[in-house]
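Down below is the structure, laid out as structure tokens.
The values are calculated or read from the model by the stated rules, or taken from the named source; none is laboratory data. Note that the structure is predicted; figures quoted are calculated from it, not measured. Cβ: placed from backbone, ideal geometry, glycine included. Neighbour counts: every protein chain shown.
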Amino acid sequence: MVTTEQAGSGAGRYDRFFRRVEDKLIPVIGPAAIGPYSDVYELQPDDSCPVCGHAMEEHSTDRSSGNAVLNCPVEAEPVSSDTSPLNELGMPTESARRRAERHNAST
């Protein structure tokens with residue numbers, strides 16, 4: 001019995017092709033830049049929360065699960081219902097966008 005690698009299957013050729021491309025490119029462009037980034041942003045206590053606008057020192061962060069959860073000290077304000085028409089991509093139609101721009105300009 002002949003293995004797929006020896007038979008020259010499409011998957012084997014495909015893999016070998018990209019290995020050759022990678023072997024030629026790595027000496028020219030170098031390996032991928034991975035690892036810790038040097039410009040890590042340190043959160044300052046007086047920074048404001050992007051959700052509620054209060055200072056971040058008033059918040060707590062729950063890291064007990066796989067995802068970190070930010071607990072805001074204030075109740076979330078309800079978002080106003082928007083029933084404007086949407087296009088096929090789920091974005092506001094041109095007339096709704098113009099109406100929103102006029103509203104934002106007047107306030």
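List the residue pairs whose Cβ atoms are under 6 Å apart, where the first residue sits in the stretch 75-97 and is polar (S, T, N, Q), the second is part of a loop (DSSP other than H, G, I, E, B) and exposed (fewer than 10 other Cβ atoms within 10 Å of the Cβ), and the two are 6 or more positions apart or on different chains.
What qualifies is Thr93/Pro85.
If Leu70 passes every condition in (1) part of a loop (DSSP other than H, G, I, E, B); (2) under 22 Å from the mean Cα position of the chain (by Cα); (3) of a type in the set (A, V, I, L, M); (4) surrounded by 10 or more Cβ atoms within 10 Å (Cβ to Cβ) but one, which one does it miss?
It fails just one condition, (1).
Mind counting the residues in the stretch 76-104 that are within 27 Å of Ala55 (Cβ to Cβ), within 26 Å of the chain's Cα centre (by Cα) and of a type outside the set (Val, Ile, Thr)?
Final tally of qualifying residues: 4.
How many of the residues making up the stretch 73-106 are out of contact with any helix residue (DSSP H, G or I) (no Cβ under 9 Å at 6 or more places or on another chain) and part of a loop (DSSP other than H, G, I, E, B)? Spell out how you get there, then give the answer.
First, the residues of the stretch 73-106 that are out of contact with any helix residue (DSSP H, G or I) (no Cβ under 9 Å at 6 or more places or on another chain): 75-81, 83, 88-90, 93-106.
Filter once more, keeping what is part of a loop (DSSP other than H, G, I, E, B): 75-81, 83, 88-90, 93.
So the answer is 12.
Can you find a residue that is among the β-branched types (Val, Ile, Thr) and at pLDDT 80 or above anywhere in the stretch 12-21?
yes
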